[in-house]
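Student: Here you go, one structure.
Derivation of every value follows stated rules applied to the coordinates shown; laboratory data play no part. Predicted model only: the values in this text are computed from it and were never measured. Cβ coordinates were reconstructed from backbone atoms using ideal geometry, including for glycine residues, and neighbour counts include every protein chain displayed.
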C-alpha cells in the first residue's frame, strides 16, 4: 500500500494546487452566504474526485490491471498516453500564459459567483473535479496507478481516500481559514486569489510537465521491465 500512496501523492498535490477551483472557492466565500456556498462547493468537489477515481478503479479491476503481481500492459499504455496528453497540456498552458504586464482575464462564470445559490455552487465544484479535462486526466492517472499495484479492494479504497483528501487540500484550506478567522480571512484569501489568477498558466504548465514526465517514465519502466 505504501508504494501506491507514493505513486499517487504527486498527482494529488498537482490536483490540490490547481488554481481555478481555489480561485472559485475564494470568490464564493466572499459572496453572500459565502461559507455555506463554499462548503457546498467543497463537498461536491470531494464527491466528484471520489466518483472518477472509483469508476476508473472498477474499470481497471474488470480489465485485470494487475496479473501475477505485475502491471498489465494495457495499464502501462494508458499511463503512457495520459503522460503524453499532460505534456501536450503543459505546452498549451505555457504558450497561453499572459505576457508580463498583461491583465489576466476572469472567466464570465467567475464574475457571476455572487448570484450562485447552494445548488449552483455544488454543481460548479462537482464539474471542476469530475468533468474538467485537467483534473480528469490526473485523477484517472492516480486511479490507474493504484490499480496496477494489485492491492486488495479495501486497501485500494484506503489509498483512493488518501488521494482525495490530499487533492482536496487546495479547496479545503480557504474554507478552513474562513471558518476559523471569519472576516479576518478576507485579506489573505484575496491575496491568494490574485496570486493564483496571475500565475495560473505557469503553475499548470510546470505541474503538467513534471507529472507527465513521471507517468511516461513509470509506463516505460513497466513495459520494458
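Student: What is the distance in Å between the Cα centres of the range 121-154 and the range 203-225?
Tutor: Comparing the Cα centres of the range 121-154 and the range 203-225, I get a distance of 17 Å.
Student: State the percent of C-alpha pairs, over all pairs in the range 142-225, separated by a distance greater than 16 angstrom.
Tutor: On the way: 2435 of 3486 pairs.
Percentage above 16 Å: 70.
Student: What is the distance, in nm, between label points placed 7 Å from the Cα along the Cα-to-Cβ direction at residue 77 and at residue 1?
Tutor: 3.3
Student: How big is the chain in terms of Cα radius of gyration and Dmax, in angstroms?
Tutor: 18.2, 56
Student: Using helices alone, I'd like the mean residue ellipticity at 222 nm for the chain: each DSSP H run of four-plus residues gives -39500 (n - 2.57), total over residue count, nearest 500. Show your work: numbers first, answer last.
Tutor: Numbers: 10 runs with 175 residues, N = 225.
Value at 222 nm, helices only: -26000 deg cm²/dmol.
Student: Moving to a separate point now. Tell me the label-point distance for the pair residue 123, residue 190, using the 7 Å Cα-to-Cβ offset, in nm and rounded to one decimal.
Tutor: Reported label-point gap for residue 123 and residue 190 is 3.0 nm.
Student: Shape verdict for the range 87-208, please, from the Cα gyration tensor: rounded (a/c under 1.5), prolate (a/b greater than b/c) or oblate.
Tutor: oblate
Student: Then there's this: Per the Kirkwood formula on distinct C-alpha pairs, the Rh of the range 162-203 is how many angstrom? Don't skip to the end; give the middle numbers.
Tutor: Values: mean 1/r = 0.0881 Å⁻¹.
Kirkwood hydrodynamic radius for the range 162-203: 11.3 Å.
Student: Under a point spin-label approximation (7 Å from Cα along Cα-to-Cβ), what is the residue 202-residue 112 distance to one decimal in nm?
Tutor: So the label points at residue 202 and residue 112 sit 3.2 nm apart.
Student: Given an 8 Å cut-off on Cα distances and at least 6 residues of separation, report the relative contact order of the range 84-215 as a percent.
Tutor: 61
Student: Compute the separation of the alpha-carbon centres of the range 1-54 and the range 80-100 and state it in Å as a whole number.
Tutor: Distance between centres, Cα-based: 21 Å.
Student: Apply the a/c threshold of 1.5 to the C-alpha gyration tensor of the range 2-46 and tell me whether it is rounded, prolate or oblate.
Tutor: Verdict is prolate for the range 2-46.
Student: Helix 169-181 versus the longest principal axis of the chain: what is the Cα-based angle in degrees, 0 to 90, to the nearest 10?
Tutor: Between the helix axis and the principal axis of the chain, the angle is about 30 degrees.
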